[in-house]
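Below you'll find the structure, written out as C-alpha cells, and then a few comments.
The values are calculated or read from the model by the stated rules, or taken from the named source; none is laboratory data. Since this is a predicted model, take the numbers as computed values, not measurements. Neighbour counts are summed over all protein chains in view; Cβ atoms, including those assigned to glycine, are modelled from backbone coordinates with ideal geometry. These accessible areas exclude ligands, DNA and RNA; they are computed on the full protein's heavy atoms, side chains included. Shrake-Rupley method; radii C 1.70, N 1.55, O 1.52, S 1.80 Å.
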Protein chains: 2
Amino acid sequence: MPTKKPVIGLLGGGQLGRMLCQAAGPLGIQVAVLDTEDCPAKQANHNDLHVTGSFKDPEKIKLLATRCDVLTVEIEHVDTEILEEIATRGVEMPTPDGKYKMLKKVPCHPSWKTIRMIQDKYQQKEYFARNGIPVADQMAIESGKGRSDSLDEAAWKYGFPFMLKGSKGSYDGRGNFKVNGPEDLKNVTEQMGDQPLYAEKWVPFEMELSVMVVRTEDDRGNLKYVHPYPVVETIHEDSICTKVLYPPRNVPEEVKKRAQTVACDVIASLWGRGVFAVEMFLLHDGQILVNEVAPRPHNSGHFTIEAVPQMSQYKAQLYSILDRLPEKSVNLTARVPSAIMLNILGGAQKESHDKLVELAEREYDVWTDVYVHLYGKESKPGRKIGHITATGQGSVERLAEMMSPLIKTMDEIRAERIGSKLVHTPTAHVKVAPLVAITMGSDSDLPSLAAGMKILDEFHVPYEVRITSAHRTPHHMMKFAAEMAKSTCKVIIAAAGGAAHLPGMLASEVHIPVIGIPIKASVLDGVDSLHSIVQMPRGIPCATVGIGNSTNAALLAVRILGAAYPEYAERMKQYQENMKTEVLAKDDRIQSVGWESYLKDMQKK
Amino acid sequence: MPTKKPVIGLLGGGQLGRMLCQAAGPLGIQVAVLDTEDCPAKQANHNDLHVTGSFKDPEKIKLLATRCDVLTVEIEHVDTEILEEIATRGVEMPTPDGKYKMLKKVPCHPSWKTIRMIQDKYQQKEYFARNGIPVADQMAIESGKGRSDSLDEAAWKYGFPFMLKGSKGSYDGRGNFKVNGPEDLKNVTEQMGDQPLYAEKWVPFEMELSVMVVRTEDDRGNLKYVHPYPVVETIHEDSICTKVLYPPRNVPEEVKKRAQTVACDVIASLWGRGVFAVEMFLLHDGQILVNEVAPRPHNSGHFTIEAVPQMSQYKAQLYSILDRLPEKSVNLTARVPSAIMLNILGGAQKESHDKLVELAEREYDVWTDVYVHLYGKESKPGRKIGHITATGQGSVERLAEMMSPLIKTMDEIRAERIGSKLVHTPTAHVKVAPLVAITMGSDSDLPSLAAGMKILDEFHVPYEVRITSAHRTPHHMMKFAAEMAKSTCKVIIAAAGGAAHLPGMLASEVHIPVIGIPIKASVLDGVDSLHSIVQMPRGIPCATVGIGNSTNAALLAVRILGAAYPEYAERMKQYQENMKTEVLAKDDRIQSVGWESYLKDMQKK
C-alpha cells in the first residue's frame, strides 16, 4: 500500500496515541494505529491503514509494518524481538505487481535497542551509570533461593528504608515497594511475587523533576542533536503522577539548566529518533539523580500542547520520527509564563469526574486559560481518563492559587475513590493578578500615594501596594524587584523623598517601566527628590512625574496599560473627555454668575 | 440511541466540520456527521453515529436527527424545510422498547429561520436594513422578460460600475459580476444565467473586515447575549478569501469597536445559538457597511484556533450550541498581539502546495509561530485544501514581513494556477506602521535626539520623526496630536527646551503615554525645561526623563512597548544583561591592569 507521504505505524492507541493522532491530522501526517477497534487513538484518526488487534501480537505488528514507513510506540512494553527483525531483516510483503514476495525493512524510532534496554529498569540505570549519568545506588536482587540472602545484603548495604522495584513491566509506580525495616523483608514475596527485582538506595528527594528531550539522528544512527523542553515539577499521589507544574516552584535557574543538561546527556546516550521523558529526583543538596526514562511522549509533557503550542511533544514526535525537524526549526520555548497539568483519574463512580470537567469550563480570571482533554476512555477508579491544563500569565504559584477550586475537587474525587477522609489542600481565595505595583520607601509616603490608588480604582486596574525601602531594606527591595520582573505586573510606581533612590534602583532591576514620584521631604521642597529620580544615568530610564503627583503617576500607568489593553485606552479617552466637560461647565458658570459670586462660592467650600 | 452526553448532529463534513470535530474530541463532545464516508470531518472523528450520505438528502437528515440532540450545519445551503419539520413537528423514531414509533423534536442551531433567511442574500440584506443595520443600496432584478428593464433601472439608479449578485447558492464570491458599463449589460445572462439576481450599488471600500460573533439564547428563543471576537482584515483574490490579518492594519480603535458593535447588532437580530461571521466593508470615510453573514464557523475565524486558543470559533460553536457557555466564561481576548491566516489553495499540480507546507515548517524567528492545517482533501486547482496561521509577538505589519517568503510562494502557486505573470500582492512588502513618534519643538533639538533614535533602531522599533513647535506652530502641533491619537503609535517622545510646552501640550491631546525630554537651553542649565515638563497639573501626566537624555526616553518607550509586545520585553532583558556584562568586564580590567593604566587608556581615546 504505497502512499506518497510517509506513514507512521504506531504500536498502541491509548491516550498518547490519541494525542499523537490529534497532532498529526492538521499536519497531513498519516498514522496507522495497531490496537483494538475502539481504542482512544482510532476515535480521532479514521483511515484504512488501521490494524485491529493487540500491539503485543507479532503477526499484527508485521501487518502494520507492511502499511507504514516507520514504526513507533506509545508504550515501551512491546516485543522488541519482532521490531528488531522488521528493522534489520525486514517484513515479507507482496511486490507491487502482486506476483512475488519481498522483504521490506521498516525502521523503528526510537530504536528497538533503546526500548529493549529501557524495559529493564535495573539495566537501564546500570547503563546510565556506565555513561556517567548520576543515578541512585542500586543492586540486583537474586531470584529463587538466593533472594533472601540478596535482600539481606541490600539491607546491610543501604540500611532502612530502601526501595525494592520490579525490573520489568511496571509503570505508574506499580511494582515499587518501600522496605521500612526487617519485618517488611518477610512480606517481599507476598507483595512483589516472583518477578525480577532490584534494590535501590532510599533517596530523600525534595522534588521530582522531568524534562522532555527531542532526539534526532541520521539514517546511519549518527546523532544530529538533542534539545530539551523546559523543566517541570511532577507531583505523584498513590504512585501516579497527578500534577505537573511549569516552571517548578522555587528551583533556581542554575538547577533547571543542569536538569536540562543531564536530561540531554541521558538521551544522547540512547539510539533512535523521537521525544523522550527523563524523570529525575532533585535532592536537598541540589544534586540531581535520574530516576527513569520513557522513550516516547509522556504525561509530564502534556502541558506542551498549550504551553509550547508551536512544537508540542506530539508534533515533535511526529517531525523527529520523520526526520523533518531541522535543528534551526526546533523552538521549544514556552509561550506562557506558567502552566499546570492535572490528570483526571476515574473516581468511585463513572461520572465522578464530570464536576471537575464542568469546573474547568468556567472562567477563573481573564489571565487563566483552562483546557480540557478527555481520552474517550471508559472511567474506572484510578484510571487516567483525561487531563486538564491551565496556562497563566503570572507565576506558577499564582496559577496554582487560581486553580485551587479544581485541585480541591480532584482531592474530593480521590478521597471518595480511596475511601479516605478528605485532606483539604489549602484553598486560597482567588485574586485578580495585579497589573501595577505601587511601592514606597516609607509608610510616611502613603498619604501622598492615596490619590493615585483612587485613580487606579476608578480605572479598574488591579494593583498591589508594598513598602520597600532602598536604604533600610536593600535586599528586600531587590527581592521585590525580582518578583515583579516575573509577575503579571506591567508597570511599577515608586515614591521616594530626599536622596530618592527607590525608583531608580527598581528600574535597574526590572525590564518594565518604572514611574517615579518625587516626594517633598523636610527641606528643599522636593527638588532634591525630583533630581534624584529624574537624572538617571543613560541606560536606565525612570519615568518621572511632578513632585507629590501620584495622580499623574497613576494616569501615566493607565496610559501605558492602554498600549497592551485597548480597554484602558478607551477609559483614558473617556476620562479626558470628562475633564474637558468639567472645565467647560466651570467656564459657563463663571460667565453666567460673574467672577465675584464664583469666588465667594469657592471660598464657602 | 440515547447517550448520556448530548450529541451534536452536523450536516456536512468538510473542513469546517473537520475542525469542529478536532475541537470536540478533547472536550469529550460527541459529533455525528452526515456526509460521504471519506469526507474531511470523518477522518478526524470515528464513531458509530455517522450517517453516510449527502447532507442535502432529507431522509439522511432525518436519520441523523434520530442519533443526536441538536442539529447544526457547516454550510448554509441546506434544506431548511426538513430542519423546520424536525425542530417543530419532530422526527419519527422507535420508542426505547422498540414496540412503537414516537416523534422526537430536535432543535437546529442556529435556527432554520436564520439559515433560510441567509440563503437569500438579497432578503438577508433587506432584513438587516429593516433592523437599522448599515448595508449597501440594493434592488432586486426581475427574472425572465422583465430582466432587461430591471437592469436598466439599476444602471440608472446606481450608475456604473455596479454589482450584480446571485441571491442564492453562491459563496466564495462566486455568482458576483461587476457591471462596468452598458456593454456589460448584454453579457449578464451569459455570465450569470437565469438565476435570481439583485443589483448592488458599487462600494469603493478601503478594506474588508470581518467579526465572528457568539450568540446564545434560552430554549424559548430569548437572547442571552452576543459577544464579538476581535476584528480582522480579510483579503480576497479571485473572489476567494486568501489572507486574514489580526489586527487589521492601520484601523483606529474606534472603528474596530464600531465594527464589533455593528456585528453584534446584526447577530442579535437573528435566531438560534452558535458562532456567526459578519463580513463588512470599511469605506474611505470610516463608514461600515455589512456585506453578508455566515451562520457558522468561518474562514475569517480560523485564526482563533491559535490566537484565541482558550475559545476558538470551533469551541465556541460546540459550547454555545449545547448552551454550556455561561456569559462570564466567554473570554474572546486574543492571546497574541498579531496573527495572519493564509489559505492553502490547490495549485496547478496536485503537489504544488507541498513547498508552501515545507516552508511553513521552517522557523522564521523566535517570535513567529507557524501552524499548518491540512484538511485531508484531494488537491484541485483553486480548492481550499488547508490553511496556515502564523502568530507574532509584534505588530501585524512586522508579522507580514516575517511571512513574506510564504506569501511570495502563495503568489507563485497562484500565478502558475491562473497562468498569469507573477504579481506580488501588496502584503508582501508592507510599510511597517510606526509604534513610536518622536517630535521636537525645533530642529536644534535634533542632535540631542539622535542617541534615542539609535536605541530604537537597535531594538527594531518602527518610529517616525516630526518637528512640531508648541509656540511657533500650535495648530500644526494639535493636528499632529490628533493624528497620533488615531494612529498605530503607542508612545510619543517629545523634546523641548526653556519654557518647554510641547510634551505637556501633546499629553493633553492624546491618551497614549508621552515621554518628555528636557533640553538644556542657553540659560539655567535645563532646569527650566525640566520643571516645565515634569510639573504638569493633576490629570495630565508627562513621563519625564533626565535633561537631554534621549537614550533613556527611547529605552522607556521600549519598556512601555514591552507591556504589549513580549518581544520588546525580551530584548530589554537582553539589553540589561549586556550592560551588566560590559560593566563587569570593565571591573575585571581595572583589577587586572590597575587604575593608572586604565586611566591612561581612557585618556588616549
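Quick notes on this one:
- The range A:471-513 shape via C-alpha gyration tensor axes, a/c threshold 1.5: oblate
- Neighbour-limited loop hits for trypsin sites (Lys or Arg not before Pro), the range B:175-241 (at most 16 other Cβ within 10 Å; DSSP other than H, G, I, E, B): B:186, B:220
- Pairs with C-alpha atoms separated by more than 32 Å, drawn from the list A:256/B:243; B:5/B:101; A:490/B:454, are A:256/B:243.
- Considering only chain A, percent of DSSP beta bridges that pair antiparallel, nearest 5: 70
- Tensor-based shape of the protein assembly as shown (alpha-carbon gyration tensor, a/c under 1.5 rounded, otherwise prolate or oblate): oblate
- Restriction of the GluC sites (Glu not before Pro) in the range A:106-209 to DSSP coil positions whose beta-carbon has at most 16 other beta-carbons within 10 angstrom yields A:142.
- Projecting 7 Å from Cα along the Cα-to-Cβ direction, the label point of residue A:132 sits 7.7 nm from its equivalents in the other copies, listed shortest first.
- For the protein assembly as shown, the 222 nm mean residue ellipticity estimated from helices alone, with every DSSP H stretch of n ≥ 4 adding -39500 (n - 2.57) and the total spread over all residues, rounds to -11000 deg cm²/dmol.
- Net charge dipole, the range A:7-108: roughly 300 debye, given to the nearest 20, about the Cα centre with Cβ charges of +1 for Lys and Arg and -1 for Asp and Glu.
- 3J(HN,Hα) couplings calculated from phi for the range A:10-15 with the Karplus curve 6.51 cos²θ - 1.76 cosθ + 1.60 (θ = phi - 60°) are, in sequence order, 10, 7, x, x, x, 5 Hz; Gly and Pro show x.
- Rounded to 10°, Cα long-axis angle of helix B:474-486 versus longest principal axis of chain B: 40
- C-alpha long axis of helix B:566-593 to longest principal axis of chain B, angle in °: 30
- Alpha-carbon gyration tensor eigenvalues x 5, square-rooted, for chain A, Å: 58, 29, 23
- In a reduced charge model with +1 at each Lys and Arg Cβ and -1 at each Asp and Glu Cβ, the range A:513-605 shows a dipole moment near 80 debye about its Cα centre.
- Over the range B:353-417, volume per residue of the alpha carbon convex hull, in Å³: 80
- Rounded to the nearest 20 debye, the dipole magnitude of chain B is 920 debye, with +1 charges on Lys and Arg beta carbons, -1 on Asp and Glu beta carbons, and the Cα centre as origin.
- q = 0.17, 0.26 Å⁻¹, the range B:263-348: log10 I(q)/I(0) [Debye, one scatterer per Cα]: -0.85, -1.35
- Rg(Cα)/(2.2 N^0.38 Å) for the range B:559-604, N = residue count: 1.73
- Residues of the range B:314-345 that bury at least 20 Å² of accessible area once all protein chains are present, compared with their chain alone (1.4 Å probe, heavy atoms only, ligands and nucleic acids left out), are B:315, B:319, B:324, B:326, B:328, B:329, B:331, B:335.
- For the range A:210-418, the solvent-accessible area with a 1.4 angstrom probe is 32 square angstrom per residue.
- For residue A:113, the lysines whose Cα falls under 21 Å of its own Cα, not counting residues fewer than eight places away in the same chain, are A:56, A:60, A:62, A:104, A:105, A:121, A:125, A:168, A:224.
- Cα-based shape type of the range B:137-201, given that a ≥ b ≥ c are square roots of the gyration tensor eigenvalues and the cut on a/c is 1.5: rounded
- Dipole orientation for the protein assembly as shown: of the candidates A:456, B:10, A:444, B:10 has the Cα lying most toward the positive pole (charges on Cβ; Lys, Arg +1; Asp, Glu -1).
- 10 Å Cβ shell holding at most 15 others, DSSP loop, chymotrypsin sites (Phe, Trp or Tyr not before Pro): longest site-free stretch of chain B: B:172-605
- For the range B:436-564, alpha-carbon Rg and Dmax in angstrom: 13.1, 40
- Solvent exposure ordering (accessible area, 1.4 Å, most first) of B:284, B:77, A:501: B:284, A:501, B:77
- For q = 0.18 Å⁻¹, Debye-computed log10 I/I(0) when each Cα of the range A:224-313 counts as one equal scatterer: -0.84
- The residues of the range A:556-578 occluded by other protein chains by 10 Å² or more of accessible area, set against the chain on its own, are A:556, A:559, A:560, A:563, A:564, A:566, A:569, A:570, A:572, A:573, A:576; surface from heavy atoms, 1.4 Å probe.
- Contact surface B-A: accessible area buried, both sides summed, square angstrom, 1.4 angstrom probe: 6700
- Accessible area of the protein assembly as shown belonging to carbon and sulfur atoms, whole % at 1.4 Å probe: 53
- Computed 3J(HN,Hα) for the range A:210-227, one whole-Hz value per residue from the Karplus formula 6.51 cos²θ - 1.76 cosθ + 1.60 where θ = phi - 60°, is 9, 10, 7, 10, 9, 10, 10, 8, 7, 5, 9, x, 7, 4, 8, 6, 10, 10, glycine and proline marked x.
- Each Lys or Arg adds one and each Asp or Glu subtracts one; over the other residues with Cβ under 13 Å from the Cβ of residue A:601, this totals +4.
- According to the calculation over all Cα-Cα pairs in the range A:57-120, the P(r) per 5 Å bin from zero is 4, 19, 30, 23, 12, 6, 4, 2, 0 %.
- The percentage of C-alpha pairs in the range A:7-108 whose separation is greater than 21 Å is 29%.
- Local net charge near residue A:473, Cβ-Cβ under 13 Å (Lys/Arg +1, Asp/Glu -1): +2
- Cα pair distances of the range A:442-494 binned at 10 Å [whole percent]: 21, 48, 29, 1
- Among B:176, B:127, B:107 - extreme Cα towards positive end, dipole of the range B:93-203, charges at beta-carbon: B:107
- Straight-line reach from residue B:350: taking Cα to Cα under 19 Å and skipping same-chain neighbours fewer than 8 places apart, the aspartates and glutamates in range are B:38, B:358, B:378, B:411, B:412, B:416.
- On Cα atoms only, tilt of A:253-268 relative to the major axis of chain A in degrees: 20
- Share, in percent, of DSSP beta bridges within the protein assembly as shown that are antiparallel, nearest 5: 70
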